[in-house]
Structures are given as structure tokens and as C-alpha cells.
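The values are calculated or read from the model by the stated rules, or taken from the named source; none is laboratory data. Bear in mind that the values here come from a model prediction, so they are computed numbers and not experimental data. Because the Cβ atoms are built from the backbone with ideal geometry, glycine has one as well, and the counts that use them run over all protein chains shown.
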Amino acid sequence: MIRVNDLEKSFGEFKALNGLSLHVDKGAVYGLIGPNGSGKTTLIKHLTGVMKPDKGSCEINGMPVYDNIDVKLMTGYVPDELYFFGNYSLKAMRSYLKALYPAWSDERYRTMLADFGLNENGRISRFSKGMQKQSAFLLALCTRPDVMILDEPIDGLDPIMRKKVWGYLLGDVADRQMTVLISSHNLRELEGICDCVGILSQGKLLFEGRLDELKGKAKDMSLEELFFYEMGGEL
């Protein structure tokens, strides 16, 4: 579903992505793990069509991502740094996105709105950080995407809301074979969510495979300990 081949991106003398290749199967939940500066956000900006590769390719469902409206209409995205139109409420965003996304679900919107306890008439920009993150998930999931890309998704969410969000995401994976890519530093959270992982460092993947394969290297290690092991650290 997601395929990246020999992707390169430089900013001046700094090479953010250095021949990066990865693949994510349809219906998989893929955890992208790496320290700050490893290239996670740059990769995500390619997967969401914000950046054009210097070299290599970035495809979703066999189609190039950059400057491709069809791919963007099948992709949901919740960024680390949220942005909403200044005066827009959830109700206004619903109208805006419903006109853009053919698969938009009003039934899902009503269900999540009630479940999250959000005021659809209040300005999203005046919501708390946690409520803004809830709003971002609500809006993204209501577009019924084939692919969901999440950058540090649980920041600002309390444990109860995290459980609800993961429930909706994994429900769509089970029901519709939605593909999910999660970039996160919260390794313990990913350990219970992802079935595949990629460990990223200096613009390259050090490891890509099933989570049980990674853990098989050291049966008694946590995912966090395995991360530092793969990065060449001392345990």
C-alpha cells in the first residue's frame, strides 16, 4: 500500500533522507521509530505530498504521492503541530471537508462527536490542546481514508481518550483494512498497537519487519530497549 524506494531529500548540505526504502502492506499498522533529526517528519511530508523527492519514489496504492489529488483524497493525516482555520468550528470543518472527500461519513461524525463530548459550534482554535487533538482525529477519521498517517499522535491525550482513539483506528483497520503509519517516540504505546516497525536513523532504516521478529532478537527486552539496541547503544 505504501512503498518508498531509495528516497533522498537534502536541505543545503544536510541530507535528511539518504536512500530510504520502506514498505507498508495494506491493513498493517506500521510504527516508525527514531530520535529527533532521524528523518521521520521529512518522510511524512513526502507521504502526505507536501515535499517533492530529490531522488527516488514515494507511492501509495501504486501511485506517486506528490501533486496527486487522488492519493490525497484517500489519505488521512494528523500532524504533530495542528493547524485549523482561525474562525472555524467543527461544524464548519465538517461542511468544508464533506465537500472535498467523497467518502465522508456523517454517521461517524455524529458518533465521534458524542463520544468525545466536543462542542461542534465552538471555535477549534479556542479548544484546549487535548480537545484540538481529538478534533483532528475526528475529522480525519470521518473522511474514511484508506491510509492514515499519524505524527506523534497521542501527545495531549489523556489515557481514556487514547484508548478511545486507538479503538476507532484499530476498528477501521479490522473493518476496512485501513493502513496506518505511526511516527512516535512513545515506544511503550506502540508495542501494543503496531504489528510492523521501522527503525530510522540519519535518514536510513536500520531495521524493518514484524514486531515479533524484532523482539525475537532479545526475548526479555522491551521495545524501548530493543530500539536502543538497534541504534547501537549499550543496555
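Among the residues of the range 174-192, those identified as surrounded by fewer than 19 Cβ atoms within 10 Å (Cβ to Cβ) and under 17 Å from Arg210 (Cβ atoms) are Leu187, Glu191, Gly192. Among the criteria (1) touching a Ser or Thr at 6+ places or on another chain (Cβ under 8 Å); (2) hydrophobic (A, V, I, L, M, F, W, C); (3) within 24 Å of Asp146 (Cα to Cα), the one Val78 does not fulfil is (1).
In this structure, Ile149 does not satisfy being modelled with pLDDT under 95, among the hydrophobic types (A, V, I, L, M, F, W, C) and closer than 20 Å to Ile44 by Cα. Screening the range 74-90 for residues that are surrounded by 15 or more Cβ atoms within 10 Å (Cβ to Cβ) and out of contact with any strand residue (DSSP E or B) (no Cβ under 9 Å at 6 or more places or on another chain) and picking the one that is modelled with the lowest pLDDT gives Leu82.
Taking the options Met93, Met74, name whichever one is touching a residue at least 40 places away in the same chain (Cβ under 8 Å), out of contact with any helix residue (DSSP H, G or I) (no Cβ under 9 Å at 6 or more places or on another chain) and closer than 20 Å to Leu141 by Cα. Lay out the reasoning, then the answer.
Numbers: Met93 fails: out of contact with any helix residue (DSSP H, G or I) (no Cβ under 9 Å at 6 or more places or on another chain).
Going through Met93, Met74 in turn, just one is touching a residue at least 40 places away in the same chain (Cβ under 8 Å), out of contact with any helix residue (DSSP H, G or I) (no Cβ under 9 Å at 6 or more places or on another chain) and closer than 20 Å to Leu141 by Cα: Met74.
From the list Arg108, Arg123, Arg144, Arg94, the lone residue that is surrounded by fewer than 18 Cβ atoms within 10 Å (Cβ to Cβ) and touching a Cys at 6+ places or on another chain (Cβ under 9 Å) is Arg108. Criterion applied to Ala114, Ala136 was being under 14 Å from the mean Cα position of the chain (by Cα) and free of Cβ contacts under 8 Å to residues at least 60 places away in the same chain, and the one residue passing it is Ala136. Taking Lys45, is it of a type in the set (Lys, Arg) and within 21 Å of Ser184 (Cβ to Cβ)? Against the criterion (of a type in the set (Lys, Arg) and within 21 Å of Ser184 (Cβ to Cβ)), Lys45 qualifies.
Taking the condition of being within 19 Å of Phe14 (Cβ to Cβ) and out of contact with any Lys or Arg (no Cβ under 7 Å at 6 or more places or on another chain), how many residues in the range 47-57 meet it? Steps first, answer last, please.
Applying the first criterion (within 19 Å of Phe14 (Cβ to Cβ)) to the range 47-57 yields 50-56.
Checking which are out of contact with any Lys or Arg (no Cβ under 7 Å at 6 or more places or on another chain) leaves us with 50, 52, 55-56.
Total satisfying the criteria: 4.
Looking only at the range 165-204, which residues are farther than 24 Å from Leu139 by Cα and in a helix (DSSP H, G or I)? Within the range 165-204, Leu187, Arg188, Glu191 qualify.
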